[in-house]
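K.L.:
The structure's right below; bear with me while I get my questions together.
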Amino acid sequence: MKIVSPELENSIIKEAIKHFEDVEFFSANNLDEATKLLAEKKADSLIAGIDSSSRDVVLACKANIPLSSKYFSSCFVCERPDCHFVVADGGVNKQPDENQLYCIVEDSAKTLIDYYGEQPKIAMLSYSTYGSGGKNPDLEKIHNVIHHIRKSHPDWLIDGEMQLDAAIDPSVAAKKTPESPLKGRANILITPDLNSGNILYKSLERFGGFTIAGPILQGFAVPLADLSRGSTVEDVILTIKVIKKQFERKSL
């Protein structure tokens, strides 16, 4: 596997790539050059963002790399020794409409399957649980997405709308959502907008002790990673593991 990056001189990336003897890393002068190398199939994946804004990384990818989905999005793989989650979308879509939200769910589930090989258990997060917050278009959008995912992917578990505690705590789920197929054991957390997604993943990182991969850019024809500028060596290692696994799955 060949991974291109315009940021290989960054000390954190330098340390992280020492852990991947079977991956070839090479440099590019800038993001535009790096993404064009991907488009020309001279590289298999991109890692960048520790010295660049997410906006710059995403715009370069959008300009030069074709999509494999109708829309592109991002997710974070959040890992701790006792548990892990895929969280989306915390990096790209500000106010996703119904079609965008569907693609976010679908591509995040594929990221989970690629990396962990698990059955997706998807919680559509909200301030409300099963209509407890009243009716509004945002909740209707979530319900429509759940309906369509259940039809297109009947082997996946998806439920909502629900609050975070009902999604990840079996004891709370037994009270709030006893009929839910998730049973408080969601492994994918879908937030309704960019604000909540970004705050959630950074809270998991800063307060919850999670190592964070990403943002992993989804919906493109090749695996892509847009690092946070606050990424640690451990974060970068996990990010490379995720995109490496995505590449291996695509190559099968």
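The values are calculated or read from the model by the stated rules, or taken from the named source; none is laboratory data. Just so you know, these numbers come straight off a predicted model, no measurement behind them. Positions of Cβ are generated from backbone atoms using ideal geometry, with glycine treated the same way; all protein chains shown enter the neighbour counts.
K.L.:
Working only within the stretch 1-31, note down all residues that are assigned to a helix (DSSP H, G or I), farther than 24 Å from Lys250 by Cα and not small (Gly, Ala, Ser).
P.N.:
Across the stretch 1-31, the qualifying residues are Ile12, Ile13, Lys14, Glu15.
K.L.:
Please go through the stretch 54-92 and pick out each residue that is in contact (Cβ under 8 Å) with a residue 60 or more places away in the chain, outside any strand (DSSP E or B) and small (Gly, Ala, Ser).
P.N.:
Across the stretch 54-92, the qualifying residues are Ser54, Ser68, Ser69, Gly90, Gly91.
K.L.:
Here's something else I'd like to know. Give the stretch 202-245 a look and list any residue that's assigned to a helix (DSSP H, G or I), of a type in the set (S, T, N, Q) and closer than 19 Å to Ile168 by Cβ, or say none.
P.N.:
Ser203
K.L.:
Return the residues of the stretch 32-52 that are among the polar types (S, T, N, Q) and free of Cβ contacts under 8 Å to residues at least 40 places away in the same chain; say none if nothing qualifies.
P.N.:
Thr35
K.L.:
Looking only at the stretch 32-49, how many residues end up being part of a helix (DSSP H, G or I) and under 22 Å from Gly214 (Cβ atoms)?
P.N.:
Here the count works out to 6.
K.L.:
If you check Ser52, Ser27, which single one turns out to be farther than 24 Å from Pro192 by Cβ, crowded, with 17+ Cβ neighbours inside 10 Å and either polar (S, T, N, Q) or in the same structural domain as Leu204 (by TED's automatic domain parsing) (or both)?
P.N.:
Ser52
K.L.:
Listed residues Ala43, Ala39; which is at pLDDT below 95, of a type in the set (A, V, I, L, M) and farther than 25 Å from Lys141 by Cβ?
P.N.:
Matching residue, one of Ala43, Ala39: Ala39.
K.L.:
While we're here: Would you confirm, using the coordinates I've provided, whether Ile243 is surrounded by fewer than 21 Cβ atoms within 10 Å (Cβ to Cβ) and aliphatic (A, V, I, L, M)?
P.N.:
Here the answer is no, as Ile243 does not meet what is asked.
K.L.:
Could you check how many residues of the stretch 92-122 are under 16 Å from Cys78 (Cβ atoms) and over 14 Å from the mean Cα position of the chain (by Cα)?
P.N.:
Of the residues in the stretch 92-122, 2 are under 16 Å from Cys78 (Cβ atoms) and over 14 Å from the mean Cα position of the chain (by Cα).
K.L.:
Go over the candidates Gln95, Gln100 one by one and state the one that is in contact with a Phe, Trp or Tyr (Cβ under 6 Å, 6 or more places away or on another chain), outside any strand (DSSP E or B) and of a type in the set (S, T, N, Q).
P.N.:
From the options Gln95, Gln100, the qualifying one is Gln100.
K.L.:
Let me ask something else about it. In the list Ser5, Ser74, Ser45, which residue meets the criterion of being out of contact with any Ser or Thr (no Cβ under 9 Å at 6 or more places or on another chain), of a type in the set (S, T, N, Q) and under 23 Å from Thr232 (Cβ atoms)?
P.N.:
Checking each option against the conditions leaves just Ser45.
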